[in-house]
1. Taking residue 196 as meeting all but one of (1) buried (at least 19 other Cβ atoms within 10 Å of the Cβ); (2) part of a loop (DSSP other than H, G, I, E, B); (3) not charged (D, E, K, R), write down the number of the exception.
2. Could you say which residue among 120, 212, 131 is within 27 Å of residue 295 (Cα to Cα), crowded, with 16+ Cβ neighbours inside 10 Å, modelled with pLDDT of 95 or more and in contact with a strand residue (DSSP E or B) (Cβ under 9 Å, 6 or more places away or on another chain)?
3. Do any residues in region 305-321 that are more than 16 Å from residue 273 (Cβ to Cβ) have Cβ atoms under 7 Å from those of residues that are surrounded by fewer than 21 Cβ atoms within 10 Å (Cβ to Cβ) and of a type outside the set (Asp, Glu), where the two are at least six apart or on different chains, and which pairs are they?
4. Every residue in region 65-79 that is at pLDDT below 95 and not in a helix (DSSP H, G or I), please.
5. Select, from 219, 208, the only residue that is outside any loop (DSSP other than H, G, I, E, B) and touching a helix residue (DSSP H, G or I) at 6+ places or on another chain (Cβ under 7 Å).
6. Quick check: is even one residue across region 199-208 surrounded by 17 or more Cβ atoms within 10 Å (Cβ to Cβ) and more than 19 Å from the chain's Cα centre (by Cα)?
7. Select, from 141, 159, 166, the only residue that is over 18 Å from residue 268 (Cβ atoms), in contact with a Leu (Cβ under 6 Å, 6 or more places away or on another chain), in a helix (DSSP H, G or I) and not aliphatic (A, V, I, L, M).
Amino acid sequence: MNRNEASSGGLPLWMANIPESADWTAAEPIDKGWSADRKYRIETRGGDRLLLRCSDAALAEAKKAEFERVRQVAALGIPCSRPIAFGERAGTGEEGEPGGAPFVYSLLSWIEGEDAQDRLPDLPESDAYRLGRQAGEWLRRMHGLAVPADAEPPAVAVRRELARKREAYGKCGYRLPFDAELSARIEALLPLLDGVPAGFRQGDYHPGNMILGPDGSLGIIDFNRSATGDPYRDFNRLVTFTSGISLPFARGQLDGYLAAGPHDPSFFGRMALYCAMECWFAIVWAVPFGEPEITDTLRRSERIWSDYRGFELGAPEWYGGLEL
């Protein structure tokens, strides 16, 4: 253990720079997930557990906005990591060490339980479906949150993203056998975004970011990718990840969302657009990580292509297909 990580009572020395740490007794690093945040499970003198997330100070504005979005969601009564404190710290000056450079931190409540993605496959289908409906209803409520009036329209943001990702795909060294068909389908669906206003996006809504508590209750734990954009884009994870974990949960999430209120007639078309984009460009994300992510991503793209029957369908076959 280096000097900056040395501690008494289980806390790294640099954490003393955080005002709330006076009540902490231990900090355990959390290595799960893809976020660049440094995450810790905190133990307090009163026996509570907290989640600490630390990020580079250059991300202060983005992380403050993320913290406020979590506050908005918590105010809806949705079970999630409740926001407690946010701050900026100067760092200890220890170059290259945790907490050495200036950083920002978010302190949130801890949700007890196990990763939902590990538990859902073993649940009775009726229970998984019920939890999925609940997740869909919560997502619908999140999508009703207000966003800044000057938020960029999805049509503009997505077209710019497509241009950037097409270029990256051309340089990544991998090809999907159906990329020409994907490109044509995406171009055909893009006009559905014209006139769509920006809304709240959770950004990474799938069972890997959910906790199943000891009592069987569901909780949401990660808003690291929350942003403004087309809310319906949150359903790309339903096809890319959730359906591979638990089809009953995936069906329940769609049913719960659609039953919770009116939806735009373009819902399934926009969902198909974002799933097609994920199918095509996920490999660009995977390449820097190497194996097994590359192989897993290519297989997932094949499954999405199959679920949508080459995107001739407006919804996955496991949800009834629907014609575009």
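1. (1)
2. Working: 212 fails: within 27 Å of residue 295 (Cα to Cα); 131 fails: within 27 Å of residue 295 (Cα to Cα).
Result of the check over 120, 212, 131: 120.
3. 317/309; 318/247; 321/313
4. The answer is none; no residue qualifies.
5. Working: 219 fails: touching a helix residue (DSSP H, G or I) at 6+ places or on another chain (Cβ under 7 Å).
One residue alone meets the criteria, 208.
6. At the first step, the residues of region 199-208 found to be surrounded by 17 or more Cβ atoms within 10 Å (Cβ to Cβ) are 199-208.
Now narrow it down to the ones that are more than 19 Å from the chain's Cα centre (by Cα): none.
No, every residue in region 199-208 fails to be surrounded by 17 or more Cβ atoms within 10 Å (Cβ to Cβ) and more than 19 Å from the chain's Cα centre (by Cα).
7. Working: 159 fails: in contact with a Leu (Cβ under 6 Å, 6 or more places away or on another chain); 166 fails: in contact with a Leu (Cβ under 6 Å, 6 or more places away or on another chain).
Among 141, 159, 166, only 141 is over 18 Å from residue 268 (Cβ atoms), in contact with a Leu (Cβ under 6 Å, 6 or more places away or on another chain), in a helix (DSSP H, G or I) and not aliphatic (A, V, I, L, M).
Let's see how each residue does on (1) on the phi > 0 side of the Ramachandran plot; (2) part of a loop (DSSP other than H, G, I, E, B); (3) out of contact with any Leu (no Cβ under 6 Å at 6 or more places or on another chain); (4) assigned by TED's automatic domain parsing to the domain that holds residue 212:
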position	(1), (2), (3), (4)
39	no, no, yes, no
59	no, no, yes, no
88	no, no, yes, no
91	yes, yes, yes, no
94	no, yes, yes, no
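The values are calculated or read from the model by the stated rules, or taken from the named source; none is laboratory data. It should be emphasised that the depicted structure is a prediction, and the values quoted were computed from it without experimental measurement. Here the Cβ is made from the backbone with ideal geometry for all residues, glycine too, and neighbour counts use every protein chain on show.
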